Amino acid sequence: METPSPASRLAVPAGLAAATAVLTIDLDAIAGNWRAAAACLPPGARAAGVIKADAYGCGARRVLPALAQAGCRDFFVALIDEALAVRDLLPPGGRLFVLSGPPPGAEALMRESGLIPVLNSLEQIHAWARAAREAGTGPAPAAWHVDTGMTRLGLDLGELADLMAAPLPEGLALPVLLMSHLACADDPGHPLTDRQVETFARAHALLPGVPTSLGASSGIFRGPATQGDLVRPGALLYGLNPTPEKPSPVRPVVRLEAKILQGRLLDAPHPVGYGATVTLPAHRRLATVGVGYADGYPRAAGNRGLGVLAGTVVPVVGRISMDLITLDVTEVPPAQVHPGALVELLGPTFDADALAGCAGTIGYEILTGLGRRCLRVYLGGPPDTQEGP
Ligand SMILES: *Cc1c(COP(=O)(O)O)cnc(C)c1O
């Protein structure tokens, strides 16, 4: 029995008839969005693909080959386990970076697995050098992360300067990538971005000739100063808008549909859902669908989210339950409101960014939370040939 891949672990084996919710992921749109990001770069710069958190919930084992087919060679995950789960799918010449670097004691595993750590601290750098000395086979490639103002991970400029002021410790080579991460690139006027760009330039002056990596989704669309030699788009690949102040430059990727389990026409005013937070008047028509907060639909979107049924926008009424959402479908022709009809809860009309706006969160959190129980359907991309390591 093969170990199921993260992408397929919870697929509903009985298929569409048994599923109450369907999550459709357009792999060709993901590839097209990657190409759109790559097309913003000056000659010589390249785009990686960030596929951490199971490719933002879209399924890393399906997304990696689709990106590779589009020409992507560099991939970023957050954790070693995420890297080990997709390593067999890397294209020839592909590189797999682990953003969190090795936890103490995991250096040898990372070396032996051919993974490239992002070394975020002097401790990680020295441990990486020590692992090379113990292996006796020379330094292994690594990226170095310098903190330029986000104050999360990374060496500060002083630490980098001290490291470079002396000969590198035995077992350490110059990094294959000097990386930093922008805190406010989604906010075009934010002054921190300029400060981070300046600090990053000073860090790079300490390692001349080493390739740089600065921009993630939002940085890519702000021009060369916030890009670097290798950009690291995640969110935009999956259809989130990297420039929230403007219409999105990328295509929608994800569609979440839920089947109507029951419809009803109110004969008198009735309260709806847990807590009876809303009472609807007589003659309203309601439909209850089989998705809830256990599927990643945010509970905070109760009385605020929107669905689409037969081309008509239908508001969520009442609280979101664990497995159920009720919608007011009065505006939809009654013949379209029947058990099994699919209500679109996320799609081009009302996307993850819009749902996030109703729920006080960001599209990233919506996407990474989706799909634990939904039937997943993939559109486009290379055929799914393997089940995983
Ligand atoms: C998650 C992450 C990215 C991708 O960011 P997006 O905004 O999703 O494009 C890039 N770099 C680092 C260090 C990250 O943690």
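The values are calculated or read from the model by the stated rules, or taken from the named source; none is laboratory data. These numbers come from a predicted model, not from an experiment. Virtual Cβ from ideal backbone geometry, glycine too; neighbours counted across all protein chains shown. Areas reflect the complete protein model, heavy atoms only, side chains present, ligands, DNA and RNA absent. Shrake-Rupley method; radii C 1.70, N 1.55, O 1.52, S 1.80 Å.
Of the set (1) under 14 Å from the mean Cα position of the chain (by Cα); (2) modelled with pLDDT of 95 or more, all apply to A7 but (2).
Looking at A140, is it of a type in the set (G, A, S) and assigned to a loop (DSSP other than H, G, I, E, B)?
yes
L306 - would you say it is in contact with a helix residue (DSSP H, G or I) (Cβ under 8 Å, 6 or more places away or on another chain), closer than 21 Å to A29 by Cβ and among the aliphatic types (A, V, I, L, M)? Answer is no for this residue.
Of all residues in the stretch 217-261 being hydroxyl-bearing (S, T, Y) and crowded, with 19+ Cβ neighbours inside 10 Å, which is nearest to V329 (Cα to Cα)?
Among them, the one singled out is Y238.
Could you grab me the full set of residues in the stretch 211-270 that are acidic (D, E) and more than 30 Å from A142 (Cα to Cα)? Within the stretch 211-270, E245, E257, D267 qualify.
Considering only the stretch 179-194, how many residues are more than 22 Å from the chain's Cα centre (by Cα) and part of a strand (DSSP E or B)? Counting residues in the stretch 179-194 that are more than 22 Å from the chain's Cα centre (by Cα) and part of a strand (DSSP E or B) gives 0. Within the set T326, T277, T330, the sole residue that is open to solvent by less than 40 Å² (accessible area, probe 1.4 Å) and among the polar types (S, T, N, Q) turns out to be T326.
Rundown of residues vs (1) in contact with a Pro (Cβ under 8 Å, 6 or more places away or on another chain); (2) assigned to a loop (DSSP other than H, G, I, E, B); (3) away from the ligand (no atom under 16 Å from the Cβ), yes/no style:
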| site | (1), (2), (3) |
| --- | --- |
| F200 | no, no, no |
| H204 | no, no, yes |
| G209 | no, yes, yes |
| S218 | yes, no, no |
| P233 | yes, yes, no |
| L237 | no, no, no |
| T243 | yes, yes, no |
| H283 | no, yes, yes |
| A294 | no, no, yes |
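Could you pull out every one of the helices (runs of 4 or more DSSP H) wholly within the stretch 45-128 that has 2 or more residues that are open to solvent by less than 10 Å² (accessible area, probe 1.4 Å)?
Details: elements: 52-56, 60-70, 80-84, 107-112.
So the answer is 60-70.
Is it the case that some residue within the stretch 321-339 is under 22 Å from the mean Cα position of the chain (by Cα), free of Cβ contacts under 8 Å to residues at least 60 places away in the same chain and assigned to a helix (DSSP H, G or I)? No: zero hits.
When P141 is tested against (1) away from the ligand (no atom under 14 Å from the Cβ); (2) more than 22 Å from V86 (Cβ to Cβ); (3) open to solvent by 30 Å² or more (accessible area, probe 1.4 Å), only condition (2) is not met.
Yes or no, residue by residue, for (1) over 13 Å from A47 (Cα atoms); (2) within 14 Å of the ligand (Cβ to nearest atom); (3) in contact with a strand residue (DSSP E or B) (Cβ under 6 Å, 6 or more places away or on another chain):
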| site | (1), (2), (3) |
| --- | --- |
| L163 | yes, no, no |
| A173 | yes, no, no |
| G189 | yes, no, no |
| Q196 | yes, yes, no |
| T212 | no, yes, yes |
| F221 | no, yes, no |
| A225 | yes, no, no |
| P249 | yes, yes, no |
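Only one of the numbered conditions (1) without any contact (Cβ under 8 Å) to a residue 12 or more places away in the chain; (2) not in a loop (DSSP other than H, G, I, E, B) is violated by A258, and that is (1).
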